[in-house]
Amino acid sequence: MVMDQSAEILRLRANVRDLLALSIIPEAWVAREPPAIAADFADLLIGSLKLDFAFVRLCDPTGNQAVEVIRGDSWKGFAEWLQQRLVRFGQVSRTEIVTNVRAVEKSSCGVVIPIGVNSERGLIAAACDRADFPDQIDQQLLSVAANNAATAFQNARLINELRIAQKALRDQEQELRKARDELEIKVADRTSELRRSERELRDAIDTIPALVWSALPDGSNIYVNKRFVEYTGSSAGQTAGSGWQALVHPEDLERHARKWMEAVATGMPHESEVRSRRADGQYRWQLDRGAPLRGEDGNIVKWYGVTTDIEDRRRAEATLEVLSRDLQESKAKLEEAQRITHVGYWEWDVLTDRINWSDETYRIYGLTPRAALP
């Protein structure tokens, strides 16, 4: 009796040891490849449970992957038996005990245990020549092992998918970095090109012989070129906003400001002749012109304008006007002289010291010729 109890205790200890060994399967096989998991699992069944035969099938529930491994040769006809079994009865849905498993030299008993519903996650089959195989403990150990192996297989599949996803993500990140680097290079080149173009445009605007300005849609000045600063002696900051009005002659300011605000309000081009103070303090006539720049929506984005010194032109026009008036007066005098010359003639009478007009002259002026007088 004591010996039987000791043997039972030893067997329980062995079962507990086997159970512990089988329970750590998921942790031990983390990150292993599915074929390696199936092979190690079959070897573990043979070694730990002292089996003569082990068959392991692990399936991906999505049906994309399945691996099979056989260890031992005591059930050589298992593959054929399983195929016939599946044809006759369909999927294995519960544990099945198989008796009279024939080997070369001995008979064994076998057991088939499904993993998952209708063996969708696989199955295991085991055979052993032990007389009481498979008892309840064997079946429980095999079930625990099967579930743990299936869990490890699924984890391996998920980890593999994660690796694939991570690799794809790394590849995408690499492509994005490459694209970003290329984009940064293009942006840098484009920015450099724009800055160069902007610098060339600014140099051109500062060099042209005209005063250039720009304003916001509300008419507030925001820019004057270098020529404007040099000509007026006022900085860009001093002319910003409405600061430019300080340069306008007091007698012209109201009229000029009114015309400018009318253009701003209507969006029509602006043109005005106005006296503006030069850097030396002299007021000179300027032709101030501005036109709006509109966006795609039709709204005004900015105003751009040019102010041109027309003092010399106005002086020339004034001089020309005086000359023209003098010319008109001279022309009138000349025409009068010519008219008088053509309408009659006269002679100087030396004896009487007076003018003797011709009869034709008397007739033209409605006078009675002297010869006709009584």
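List of remarks:
- Label positions at Ile159 and Gln140, each projected 7 Å from the Cα along the C-beta direction, are separated by 2.9 nm.
- Distant-in-sequence amide H partners of Cys128 (H built 1.01 Å from N, under 5 Å): Asp52, Cys109
- The range 189-247 and the range 297-336 have Cα centres lying 28 Å from one another.
- Under 5 Å, built H, 5+ apart or other chain: amide partners of Lys302: Leu293
- Values of log10 I(q)/I(0), in the order q = 0.09, 0.18 Å⁻¹, for the range 139-276 under a Debye, Cα-only, solvent-free model: -0.56, -1.07
- Once all protein chains are placed together, Tyr283 keeps about 80 Å² accessible to a 1.4 angstrom probe.
- Percentage relative contact order, the range 175-284, counting C-alpha pairs under 8 Å, at least six apart: 18 percent
- Restriction of the GluC sites (Glu not before Pro) in the range 267-298 to DSSP coil positions whose beta-carbon has at most 16 other beta-carbons within 10 angstrom yields Glu296.
- Shown are Leu158, Leu183, whose ranking by accessible area with a 1.4 Å probe and every protein chain present, most to least, is Leu183, Leu158.
- Per residue, the range 207-264 exposes an accessible area of 51 Å² to a 1.4 Å probe, with every protein chain left in place.
- In sequence order, calculated HN-Hα J values of the range 221-228 (Karplus, 6.51, -1.76, 1.60; Hz; x Gly/Pro): 5, 10, 7, 9, 7, 4, 4, 4
- Here's the picture: a label point sits 7 Å out from the Cα of Ile310 along the beta-carbon direction, and within the range 257-290 the residues with their amide nitrogen under 12 Å of it are 271-275, 285-290.
- The range 280-338, accessible surface, carbon-and-sulfur percent (1.4 angstrom probe): 54 percent
- Ile164 sits with roughly 100 Å² accessible to a 1.4 Å probe, with DNA, RNA and ligands left out of the calculation.
- Surface composition of the range 207-257: carbon plus sulfur atoms hold 58% of the accessible area, using a 1.4 angstrom probe and ignoring ligands, DNA and RNA.
- Accessible-area rank, largest first, for His249, His256: His249, His256, with all protein chains present and a 1.4 angstrom probe.
- Ordered by solvent-accessible area of protein heavy atoms (1.4 Å probe), largest first, the residues Ile46, Ile124, Ile185 come out as Ile185, Ile46, Ile124.
- Exposure of Ser324 as accessible area (Å², to 10), given a probe of 1.4 Å and all protein chains: 50 Å²
- 3J(HN,Hα) couplings calculated from phi for the range 246-256 with the Karplus curve 6.51 cos²θ - 1.76 cosθ + 1.60 (θ = phi - 60°) are, in sequence order, 5, 8, 7, 4, x, 6, 9, 4, 4, 4, 5 Hz; Gly and Pro show x.
- Amide H contacts under 5 Å for Tyr223, placed H, 5+ residues apart: Ser214
The values are calculated or read from the model by the stated rules, or taken from the named source; none is laboratory data. Bear in mind the structure is a predicted one, so any value in this text is a computation, not a measurement. Reconstructed Cβ throughout: ideal geometry from the backbone, glycine too, with neighbour counts over all protein chains shown. Side chains included, ligands, DNA and RNA excluded: accessible areas come from the protein's heavy atoms. Shrake-Rupley method; radii C 1.70, N 1.55, O 1.52, S 1.80 Å.
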